[in-house]
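Engineer: Handing you a structure now.
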Amino acid sequence: MKNGSIITIESLIKSFPIGGGEFTALNGISLNFEKGEFSGIVGPSGSGKTTLLNILGSLDSPTKGQTIVLGTASDQMSPRVAAMLRKKHIGFIFQTYNLMPVYTVFENVEFPLLLLKTPAAERKKAVLEALEWVGLTDKIKSKPPQLSGGESQRVAIARAMVKKPDLVLADEPTANLDAENSHHILQTMEKLNKELQTTFVFATHDEKVIGYLRRIIRLEDGKVVSDENIKK
Amino acid sequence: MIAFKLAYKNLIGAGLRTLLIVFVLSLAYVLIIYMNGIYQGWDRQARIETIAWEVAEGQYWQSEYDPYDAMTLTDAHAPVPAALEASASEGKAVPILITQATIYPEGRMMGAMLKGIDTRQKILSIPTNILDPDSEEITAIVGTRLAKSAGLEIGDYLLVRWRDVHGTFDASDVKIAGIFKTAVPAVDQGQVWIPLTTLQKLTGMPGEASLVVVDKSPGEGVTISGWDFKGHDFLFKALEEMIKTKTVGGSVFYLIILALALLAIFDTQVLSIFRRQREIGTYIAMGMTRKQVVGIFTVEGGMHAILAVMLGALYGFPLLLWTTKTGIKMPEGTDDFGMAAAEHMYPYYSLALIIGTIVLVMIATTIVSYMPSRKISKMNPNDAIRGKII
Ligand SMILES: Nc1ncnc2c1ncn2[C@@H]1O[C@H](COP(=O)(O)OP(=O)(O)OP(=O)(O)O)[C@@H](O)[C@H]1O
Ligand SMILES: [Mg+2]
């Protein structure tokens, strides 16, 4: 593990049982992510982006090979340890926002802190701060069904960021958004990446997202075909 | 704590559906408590009345005496034991002599029991003070049921025929000196009460009785030869059996209501787990363990029972309280079962009944909430997040 690297993957293979045989979704991937990166896994549909992202987020485990996510190796990753890791250090942003419809914006953002048993006063402060980052302080009492897609995704960003995680994984975060909203949330994430040194890893095939990335990892048929850093 | 808050929010969010389930479930609570309250109240009332009118704290039966076998009556008499006679003179024991008789009201013929009762008694509610053992005429009292079926009124004369100790028939008119109202049919239907000494004379059984009612049960090991003590355990056995049968019959009704509510909860759980896969996946992505998520959904289903307690208390408490005040009018003929039944039955809701019912319904609700939730622990979070299952 290099200094400052937060994820290391070596010779990762992930296959799924289908029918009688197996389908190999990721085939021999070795990658290294460092703190503060703003990177993306890019590739056509079915290339394995989501599968890879889920393994990075310890939602799934490799079939073969090794991963070390935030200091925990895949062979030591019990479901409990994985849950703890996600709870403390990893934030997720989904294509479909996945907000809890019965909760207000405030309560949605507060949720990860409740899981962490953060004291109430501290919680309130952190939630308001996170909502300020995404520019939604005027919507704290709204519920998700009353929000636009762009607003919903900003709430999801605030929810992922409120605990100041080391790593944020965003799977097609702009797929349901128009251009204006896409740029807005990407700028928000870029800003948070710079201010808080949070590592962002995207999975996307959206050109708008690709335009913001400082590292592009191209995936095809479960294999890395290119990995380039972009000077900005 | 999160689980409860979340469950509460989700239930409120589900609105009408929750309200309906909670209402039906609250109905189950109230009905279970109400129905069992009736039986408990009936049981209590029947015991209290039966103690007051018939059995007091127990009865000594002459060893031949068997109320279910009329043939034994001819031999079921013996001199009242000295120990019992002593308390009888203070009114604390009631010797009763029983003989089979035939009565002829309005020219009809009816079978009856002619019972001689010690008029000094102070422990049974039968108004024996009306009876006059020293009068020329034979004074008798009967209950309202017999009075009605035989068309008797106070002051009427009734022809009674009986056998004496030698088996010889004898007959006489008795004067109805009083008619009493009782909830205990056993001292009313077909029972003609006359003074003990009078019946002893008529039958030629001086100083004898068939049974002696007492105001306290004898201590362990105290026996009187030729007499068997029958305590409450024995005397109420038939009553208990009857209550049990009725309770089982009555429970079918509320068990159906309860089953309906549980089915609705089960259904809601299955549906919400299916519809909320994304939410489930999101919880897992945010670092909850599957067990915790199963917990959230179980609490959510189980919370129906908590809300139902509140709603049930809201309308059930005043309703049930009202029934304890006004009682419930018993349908005519209820006491034909031979069970003591007053015109109004006062349900009795014990704390044990209320708490027991709440605990029972909560456990049942939690189980039906848990069963579908177990499915969560088999879900693949990746699929769940995208709502891809099924
Ligand atoms: N649980 C699974 N069981 C079987 N096959 C799977 C499973 N998950 C993913 N796959 C397969 O693995 C391949 C990669 O899937 P993945 O979802 O990672 O693609 P993707 O690059 O994210 O695609 P998209 O851009 O459409 O989201 C696909 O062919 C998919 O069908
Ligand atoms: Mg994908």
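Throughout, read-outs are computed from the coordinates displayed, never taken from laboratory work. None of these values were measured; they are calculated from a predicted model. So basically every Cβ, Gly included, is an ideal-geometry build from the backbone, and we count neighbours across all protein chains shown.
Engineer: Which residue fluctuates most in the GNM of chain B (Cα springs below 10 Å): B:239, B:20, B:202?
Structural biologist: Its mean-square fluctuation being the largest, the pick is B:20.
Engineer: Right, here's the next one. For segment B:105-110, just list the computed ³J(HN,Hα) in residue order, Karplus coefficients 6.51, -1.76 and 1.60, θ = phi - 60°, integers in Hz, with x standing in for Gly and Pro.
Structural biologist: Along segment B:105-110, the couplings run x, 6, x, 7, 10, 9 Hz.
Engineer: Compute log10 of I(q)/I(0) for chain B with the Debye formula, placing one identical point scatterer on every Cα and leaving out solvent, at q = 0.09, 0.10, 0.11 Å⁻¹, to two decimals.
Structural biologist: -0.67, -0.74, -0.82
Engineer: Same structure again: Using a 10 angstrom cutoff on alpha carbons, build the Gaussian network for chain B and name the most mobile of B:223, B:144, B:365.
Structural biologist: Of B:223, B:144, B:365, the Gaussian network model singles out B:223 as fluctuating most.
Engineer: Rank B:79, B:67, B:206 by mean-square fluctuation in a GNM of chain B with C-alpha springs under 10 angstrom and give only the top-ranked residue.
Structural biologist: Largest GNM mean-square fluctuation: B:67.
Engineer: When Lys and Arg each count +1 and Asp and Glu each count -1, what net charge do the other residues less than 13 Å away from residue B:2, Cβ to Cβ, add up to? Display every interim value, and only then the final one.
Structural biologist: Values: positive: A:87, A:117, A:123, B:5, B:9; negative: A:107, A:110, B:300.
For residues surrounding residue B:2, the net value is +2.
Engineer: Related question: Could you work out the helix-only [θ] at 222 nm for chain B, with each DSSP H run of four or more residues adding -39,500 (n - 2.57) and the total divided by the number of residues, to the nearest 500 deg cm²/dmol? Write out the running numbers ahead of the final one.
Structural biologist: On the way: 11 runs with 188 residues, N = 390.
After summing the helix terms and dividing by residue count, I get -16000 deg cm²/dmol.
Engineer: Another question, then. Please report the antiparallel percentage of DSSP beta bridges with both residues in the protein assembly as shown, rounded to the nearest 5.
Structural biologist: That works out to approximately 65 percent antiparallel.
Engineer: Please say if segment B:55-151 is rounded, prolate or oblate, where rounded means a/c under 1.5 for a ≥ b ≥ c the square roots of the C-alpha gyration tensor eigenvalues, and otherwise the choice is prolate for a/b larger than b/c and oblate otherwise?
Structural biologist: Details: a/c = 1.98, a/b = 1.31, b/c = 1.51.
Judged from the Cα gyration tensor, segment B:55-151 comes out oblate (a/c at least 1.5, b/c at or above a/b).
Engineer: Compute the projected area of the convex hull of the Cα atoms of segment B:158-198, averaged over all viewing directions, and report it in nm² to one decimal place.
Structural biologist: 3.7 nm²
Engineer: Here's a follow-up. State to the nearest 20 debye the size of the charge dipole of segment B:58-230 about its Cα centre, where the only charges are +1 on K and R beta carbons and -1 on D and E beta carbons.
Structural biologist: Roughly 420 debye for segment B:58-230.
Engineer: Test of the criteria: in segment B:201-282, which GluC sites (Glu not before Pro) are in a DSSP loop and have at most 15 other Cβ atoms within 10 angstrom of their Cβ?
Structural biologist: Details: sites: B:208, B:220, B:240, B:241, B:279; in loops: B:220.
In loop regions of segment B:201-282 (DSSP not H, G, I, E or B), the sparsely surrounded GluC sites (Glu not before Pro) are B:220.
Engineer: Within segment B:244-275, list the chymotrypsin sites (Phe, Trp or Tyr not before Pro) lying in a DSSP loop whose Cβ has at most 15 other Cβ atoms in a 10 Å radius.
Structural biologist: Answer by residue number: there is no such site.
Engineer: I'd like the GluC sites (Glu not before Pro) in segment B:27-113 restricted to DSSP loop residues with at most 11 other Cβ atoms within 10 Å, sorted by number.
Structural biologist: Here the sparse-neighbourhood loop sites are B:90.
Engineer: Could you go through segment B:69-85 in sequence order and give the Karplus-derived ³J(HN,Hα) for each residue, using 6.51 cos²θ - 1.76 cosθ + 1.60 with θ = phi - 60°, rounded to whole Hz, and x for Gly and Pro?
Structural biologist: Karplus-based 3J(HN,Hα) across segment B:69-85 equals 10, 4, 4, 6, 4, 4, 9, 8, 8, 7, x, 5, x, 4, 4, 6, 4 Hz.
Engineer: Is there a quick way to get the dipole size of segment A:75-181? I mean about its Cα centre, with the Cβ of Lys and Arg at +1 and of Asp and Glu at -1; what is the value in debye to the nearest 20?
Structural biologist: 600 debye
Engineer: Relative to the compact-globule scaling 2.2 N^0.38 Å, provide the ratio for the alpha-carbon radius of gyration of chain A.
Structural biologist: 1.00
Engineer: Give me B:65, B:8 ranked fewest to most by other Cβ atoms within 10 Å of their Cβ, as a rough exposure proxy.
Structural biologist: Arranged by neighbour count, lowest to highest, B:65, B:8 become B:8, B:65.
Engineer: Sticking with this one: Roughly speaking, what is the centre-to-centre gap between segment B:125-195 and segment A:174-232 when only Cα atoms are used, to the nearest Å?
Structural biologist: A separation of 105 Å, based on Cα centres.
Engineer: To the nearest 0.05, how large is the calculated FRET efficiency for residue B:245 and residue B:104 if R₀ is 45 Å and r is the Cβ-Cβ distance?
Structural biologist: 0.75
Engineer: Restricted to Cα positions, what overall size does segment A:66-201 have along the principal axes? Three whole-Å values, descending.
Structural biologist: Rounded to whole Å, the extents work out to 43, 35, 28 Å.
Engineer: Considering amide H positions built from the backbone, and no H for Pro or chain starts, which residues 5 or more places from residue B:180, or on another chain, come under 5 Å of its amide H?
Structural biologist: Close amide H contacts, sequence-distant or interchain: B:142, B:143, B:144.
Engineer: How about residue B:181: which aspartates and glutamates have a C-alpha closer than 20 Å to its C-alpha, ignoring those fewer than 8 places off in the same chain?
Structural biologist: Correct list for residue B:181: B:43, B:49, B:54, B:118, B:132, B:153, B:156, B:332, B:335, B:336, B:343.
Engineer: Return the Rg/Rh ratio of segment B:58-230 with Cα-based radii and a Kirkwood Rh.
Structural biologist: Radius of gyration over Kirkwood radius for segment B:58-230 works out to 0.95.
Engineer: What ³J(HN,Hα) values, in whole Hz, does the Karplus curve 6.51 cos²θ - 1.76 cosθ + 1.60 give for segment A:120-127 when θ = phi - 60°, with x put for Gly and Pro?
Structural biologist: Computed from phi, the couplings for segment A:120-127 are 3, 5, 5, 4, 4, 4, 5, 5 Hz.
Engineer: Also, quick follow-up: Count of lysine pairs in segment B:200-321 with Cα atoms under 24 Å apart, counting only pairs 8 or more residues apart in sequence or on different chains? Before the final figure, lay out the partial values.
Structural biologist: Numbers: B:216/B:230; B:216/B:237; B:230/B:244; B:237/B:246.
Counting lysine pairs in segment B:200-321 gives 4.
Engineer: Using just the C-alpha positions of segment B:183-282 as equal point scatterers, what log10 of I(q)/I(0) does the Debye formula give at each q in 0.18, 0.19, 0.23 1/Å?
Structural biologist: These q points yield log10 I(q)/I(0) values of -1.09, -1.13, -1.24.
Engineer: Turning to a different aspect of this structure: Taking a cut-off of 30 Å between Cα atoms, list the lysines near residue A:232, but don't count ones fewer than 8 places away on the same chain.
Structural biologist: Result set, ordered by chain and number: A:2, A:35, A:49, A:163, A:164, A:191, A:194, A:208, A:223.
Engineer: On to the next question. Once the piece of chain linking residue A:230 and residue A:63 is laid out straight, how much longer is it, given 0.36 nm per residue of separation minus the C-alpha distance between them?
Structural biologist: Here the segment from residue A:230 to residue A:63 would lengthen by 57.0 nm.
Engineer: Given all pairs of different Cα atoms, what value in angstroms does the Kirkwood hydrodynamic radius of segment A:4-52 take?
Structural biologist: 12.3 Å
Engineer: Compute the longest continuous run of chain B that contains no exposed trypsin sites (Lys or Arg not before Pro); treat a site as exposed when its DSSP state is not H, G, I, E or B and it has at most 15 other Cβ atoms within 10 Å.
Structural biologist: Segment B:217-387 is the longest.
Engineer: A follow-up question, please. Could you give the nm distance between label points at residue A:142 and residue B:19, where each point is 7 Å from its Cα heading toward the beta carbon?
Structural biologist: That separation, rounded to one decimal, is 2.7 nm.
Engineer: Once both axes come from the Cα atoms, what is the angle between helix A:79-89 and the longest principal axis of chain A, in degrees from 0 to 90, rounded to 10?
Structural biologist: 50 degrees
Engineer: Please work out the C-alpha center-to-center distance from segment B:1-66 to segment A:58-133 and express it in whole Å.
Structural biologist: When both Cα centres are located, 47 Å separates them.
Engineer: I'd like to know how segment B:208-354 sits against the 2.2 N^0.38 Å rule of thumb: what's its Cα Rg over that expected value?
Structural biologist: For segment B:208-354, the normalised Cα radius of gyration comes out at 1.79.
Engineer: Where does the charge balance sit around residue B:349 when Lys and Arg score +1, Asp and Glu -1, over other residues with C-beta under 14 Å from its C-beta?
Structural biologist: +1
Engineer: Turning to a different aspect of this structure: Debye calculation, C-alpha points only, no solvent: report log10 I(q)/I(0) for the protein assembly as shown at q = 0.09, 0.10, 0.11 Å⁻¹, in the same order as the q values.
Structural biologist: After summing over all Cα pairs, the log10 values are -0.78, -0.89, -1.02.
Engineer: So how tilted is helix B:16-50 from the main axis of chain B? Cα-based, degrees 0 to 90, rounded to 10.
Structural biologist: The answer is roughly 20 degrees.
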